[in-house]
Amino acid sequence: MGELVSQETAGSVGDVPERGEPVEMLLNMGPQHPSTHGVFRLVLWVDGEKVIRAEPHIGYLHRGSEKLCEGEQYHQIITLFDRLDYVANFNNELVYCQAVEKLMGLVVPERAEYVRVILCELNRIASHLLFVATMGLDAGAMTPSMFCFRGRERVQTLFEAVSGARMMHNYFRIGGIKEDLPDNFEQLVADLLPLLREDVGESDRLLTFNEIFLARLKDVGVISTEDALDFGLTGPCLRACGIEYDVRKAEPYSIYDRFDFDIPVGLDGDCWDRHYVRVQEMYESLRIIEQALDQMPSGDVASSLGRRLIRPPEGEVYARAENPRGEIGVYLVSDGTDKPHRVKVRPPSFCNLSAIEHMLKDSWIADVVVILGSLDIVLGEVDR
Amino acid sequence: MAEADSTLPDEVSEDILSGLTDSKRQFLSQVAGVLEDYEPKLGLLGDVPQLSILPADALSVCRQMKETPGIRMAQLLCLACVDYSDHFQIVYILHSLESDRTLAIKTDVPYDHPAVPSVTSVWRAADWYEREAHDLFGVSFDGHPALSPLLLYDGFEGFPGRKEFPFNDYQEF
């Protein structure tokens, strides 16, 4: 009886745990949080500073893009693809256009292919610059973001000159690009390149081998090669584990087989490797753009279809491309009408983010933001 | 569903596959040899070799595709669900890291009780894909650890991926 009373008293004082006894605390991060890079909620079960379990919640930005595609004509869908990965719009437009072109057997004018590649690689640089900026901010470095945003601004100014919009360009067309390419396009790109190389180099020198930055990122958020493949990680996140896989090399689409470039890979699959792979990719993209400018022929850029309504033949197609965030895939089912039967997007961020639960387990709470940041997610394509 | 269990005569499948490159043909015949017991129907998804199987075989076929030496489909690239109004089609797009080694596996599930074995035990990438397909199409994946809503909020009624779901209606939150 006396024993029972003492238990009750202990309860009434409050659940003060014994010293050394594990205590679970629930910590809610998001959906509105500056370092979730969008509307993303993470529920963390922590024991002191250690994360025991993490549960990601997505869907706050779900707009039903795939369903919306079923109600739009083929050319109208390009705008929906702009809004998936809203940091790499051109790359998204490209993969969709390629899917429809594959289905219809269309040949794209030579000059348009080069313009597409140049714009996509510039977009990759702009996207990676944003990653470096936010990675620095997540790790506590303010200054590099200034250099990154200066470079990104230059790219976006060029995009505006070309397409009329800084984001959401709606510029690629099925079978080519929109007909109004500026006459001095080559000159604009050629003028931009040295400036961009300087911006990339400056942010790289300032951040990548900084001692504090290294201490924050090295050996943090390690994912093994087997796990990376199992979770479907692609792009820089997979290459950081040491796997030399890039769709541009493995199954060259568009005209990527004409350029000489390397695939940067990491060694350990930690946050720093994911950062470093992206920084090196920017230099490779600059190399591709330089070669493309040299090889670029003159001629027509507009699609042979003109502005006609298109009805691809009945059939299915799966198109793949290398986006800044990883491999994007478009599975398109056509029933022969002017609207697709089904459009399924394989968004790279979706798979990369699905590994977060595994990566955060047993990490420190101070590293959560860095690990999440190193995946470089865009919630627009995670939720669709 | 009905035609998935019948194998095409050799000459017909040869005709369908004539558009494939040699390495892809070789790969497809290798895969078909391994999966002989499941009587897959060969075909093409664009330029990707494709196999149609019965829904009940999905898990064992996927496991064989991942574990058989020489095939080793390391990644599940995409899991799509397509609504054909009288049945659903689940499409698995698999990939090993070599070039020309992409494979599509298709299975048809009936409309009234759509269910297919979960492949999360083969690739953990399937986890979110299956939750998404469950959310949007109402397909259930037997053996999935937790088919909780992923993209939709708790208590959402209906399956918005389906063709029958009204396009422009509003639902009170």
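A few remarks follow.
- Taking the criterion of being more than 14 Å from chain A (Cβ to nearest Cβ) and in contact with an Asp or Glu (Cβ under 6 Å, 6 or more places away or on another chain), the only residue of region B:137-155 that qualifies is B:Phe141.
- The lone exception for B:Pro49 - which of (1) over 12 Å from the mean Cα position of the chain (by Cα); (2) part of a loop (DSSP other than H, G, I, E, B); (3) surrounded by 17 or more Cβ atoms within 10 Å (Cβ to Cβ) it fails: (2)
- At least 1 residues being among the acidic types (Asp, Glu) is the threshold, and among the helices (runs of 4 or more DSSP H) wholly inside region A:294-384 those reaching it are A:356-360, A:379-383.
Okay, residues lined up against (1) modelled with pLDDT under 90; (2) more than 24 Å from A:Leu181 (Cα to Cα); (3) open to solvent by less than 30 Å² (accessible area, probe 1.4 Å):
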site	(1), (2), (3)
A:His37	yes, yes, no
A:Phe90	no, no, yes
A:Val108	yes, no, yes
A:Tyr114	no, no, yes
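- Within region A:96-113, residues that are in contact (Cβ under 8 Å) with a residue 40 or more places away in the chain reach partners that are hydrophobic (A, V, I, L, M, F, W, C) and assigned to a helix (DSSP H, G or I) with beta carbons closer than 8 Å, at six or more positions or on different chains, in the pairs A:Tyr96/A:Ile77; A:Tyr96/A:Ile78; A:Tyr96/A:Phe81; A:Cys97/A:Ile78; A:Leu106/A:Val100.
- Among the residues making up region A:341-384, those that are within 11 Å of chain B (Cβ to nearest Cβ) and farther than 15 Å from A:Thr234 by Cα are A:His341, A:Arg342, A:Val343, A:Lys344, A:Glu357, A:His358, A:Asp383, A:Arg384.
- When every residue of region A:207-226 is checked against the conditions, at least one turns out to be under 20 Å from the mean Cα position of the chain (by Cα), within 14 Å of chain B (Cβ to nearest Cβ) and open to solvent by less than 40 Å² (accessible area, probe 1.4 Å).
- Residue in region B:75-92 that is closer than 28 Å to B:Val34 by Cα, outside any strand (DSSP E or B) and open to solvent by 10 Å² or more (accessible area, probe 1.4 Å) present: no
- When residues of region B:119-146 are limited to those that are buried (at least 20 other Cβ atoms within 10 Å of the Cβ) and among the hydroxyl-bearing types (Ser, Thr, Tyr), the one nearest to B:Ala80 (Cα to Cα): B:Tyr129
- Checking each residue in region B:93-118 for being within 11 Å of chain A (Cβ to nearest Cβ), open to solvent by less than 50 Å² (accessible area, probe 1.4 Å), free of Cβ contacts under 8 Å to residues at least 40 places away in the same chain and in a loop (DSSP other than H, G, I, E, B) picks out only B:Ser96.
- When A:Val220 is tested against the conditions (1) touching a helix residue (DSSP H, G or I) at 6+ places or on another chain (Cβ under 9 Å); (2) free of Cβ contacts under 8 Å to residues at least 24 places away in the same chain, the lone failure is (2).
- Of the residues making up region A:307-340, those that are within 11 Å of another protein chain (Cβ to nearest Cβ) and out of contact with any Pro (no Cβ under 9 Å at 6 or more places or on another chain) are A:Gly315, A:Glu316, A:Val317, A:Tyr318, A:Ala319, A:Arg320, A:Val330, A:Tyr331, A:Asp335.
- Filtering region A:248-283 to residues that are among the hydrophobic types (A, V, I, L, M, F, W, C) and either part of a loop (DSSP other than H, G, I, E, B) or modelled with pLDDT of 90 or more (or both) leaves A:Ile255, A:Phe259, A:Phe261, A:Ile263, A:Val265, A:Leu267, A:Cys271, A:Trp272, A:Val277, A:Val279, A:Met282.
Here is a yes/no grid of residues against (1) hydrophobic (A, V, I, L, M, F, W, C); (2) assigned by TED's automatic domain parsing to the domain that holds A:Asp191; (3) farther than 30 Å from B:Leu151 by Cα; (4) surrounded by 23 or more Cβ atoms within 10 Å (Cβ to Cβ):
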position	(1), (2), (3), (4)
A:Phe81	yes, yes, no, yes
A:Leu84	yes, yes, no, yes
A:Val100	yes, yes, no, yes
A:Gly105	no, yes, yes, no
A:Leu119	yes, yes, yes, yes
A:Ala139	yes, yes, no, yes
A:Ser145	no, yes, yes, no
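- Condition met for A:Glu290 (out of contact with any Ser or Thr (no Cβ under 7 Å at 6 or more places or on another chain), more than 14 Å from chain B (Cβ to nearest Cβ) and buried (at least 22 other Cβ atoms within 10 Å of the Cβ)): no
- Tally of residues being in a helix (DSSP H, G or I), away from chain B (no Cβ under 12 Å) and either over 20 Å from A:Ala165 (Cα atoms) or of a type in the set (Ser, Thr, Tyr) (or both) across region A:90-112: 3
- The residue that is surrounded by the fewest Cβ atoms within 10 Å (Cβ to Cβ), counting only those in region A:227-244 that are over 18 Å from the mean Cα position of the chain (by Cα) and closer than 17 Å to A:Phe350 by Cα, is A:Asp227.
The values are calculated or read from the model by the stated rules, or taken from the named source; none is laboratory data. Computed from a predicted structure; not experimentally measured. Please note: Cβ atoms are built from the backbone with ideal geometry, for glycine as well, and neighbour counts cover all protein chains shown. Each accessible area value is taken on the protein alone, full model and side chains, heavy atoms only, with ligands, DNA and RNA left out. Shrake-Rupley method; radii C 1.70, N 1.55, O 1.52, S 1.80 Å.
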